[in-house]
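Each remark here refers to the structure printed beneath this line.
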Amino acid sequence: MSFQGDAIEKLRQRRDQLRNELAQIGDLRPGSLVERYRRCGKPNCWCAQPGERGHGPSFSLTHAVEGKTVTRIIPREAVERTREQIAEYQRFRALAQEVVDASERFCDAELRQGEEPGSKEAAKKGASKTRSRSKSRRRSMS
């Protein structure tokens, strides 16, 4: 196998490896998990005292849906699982971008392998003939 053939095979293997990793993605969820503390509004409650954070924490998940921010309250018992799902979503996005990049490099390498010296010139000449024919066709159709 040639040097370029070896390089293409390595690119193919990397692309396939990334696709396999993508297939292993678990449950995912986009957004940001926010820890909140709130004051209840009762003047005699401990949360109304200066320096107190307030009641909480409560957790909310915020993300955009069709251009609008959606907030969802997450129960305390589901916070860790939600953090894992958010991390898995971020891993999915990074892996998806890596798959696109690897696939693009693979496709480019295959194109370069198929090119022969002078083939760019032939492609340019062929393209200019096609364009000139289509222009004359448009003129005759008018």
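The values are calculated or read from the model by the stated rules, or taken from the named source; none is laboratory data. A quick note: this is a predicted structure, and the numbers were derived from the prediction, not measured. Every residue, glycine among them, receives a Cβ derived from its backbone with ideal geometry; neighbour counts consider all protein chains shown.
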Inset, instruction - Go through (1) at pLDDT 95 or above; (2) touching a Leu at 6+ places or on another chain (Cβ under 6 Å) and name the single condition Arg105 misses. - result: (1)
Legend entry - Unique match (being farther than 30 Å from Ala109 by Cβ and out of contact with any Asp or Glu (no Cβ under 7 Å at 6 or more places or on another chain)) among Pro57, Pro75: Pro75
Legend entry - Pairs with Cβ under 8 Å, 6+ apart, first in the range 32-58 and in contact (Cβ under 8 Å) with a residue 60 or more places away in the chain, second part of a strand (DSSP E or B): none
Inset, instruction - Answer yes if at least one residue in the range 17-31 is farther than 27 Å from Phe106 by Cβ, exposed (fewer than 12 other Cβ atoms within 10 Å of the Cβ) and in contact (Cβ under 8 Å) with a residue 24 or more places away in the chain, and no otherwise. - result: yes
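Every residue, every condition in (1) at pLDDT 90 or above; (2) acidic (Asp, Glu), yes or no:
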site	(1), (2)
Glu9	no, yes
Arg29	yes, no
Gly54	yes, no
Arg76	yes, no
Asp101	yes, yes
Ala109	no, no
Gln113	no, no
Inset, instruction - Show the residue pairs that are 6+ apart or on different chains and have beta-carbon atoms under 9 Å apart, the first residue being within the range 77-105 and free of Cβ contacts under 8 Å to residues at least 60 places away in the same chain, the second being surrounded by fewer than 14 Cβ atoms within 10 Å (Cβ to Cβ) and of a type in the set (S, T, N, Q). - result: Ile86/Ser32
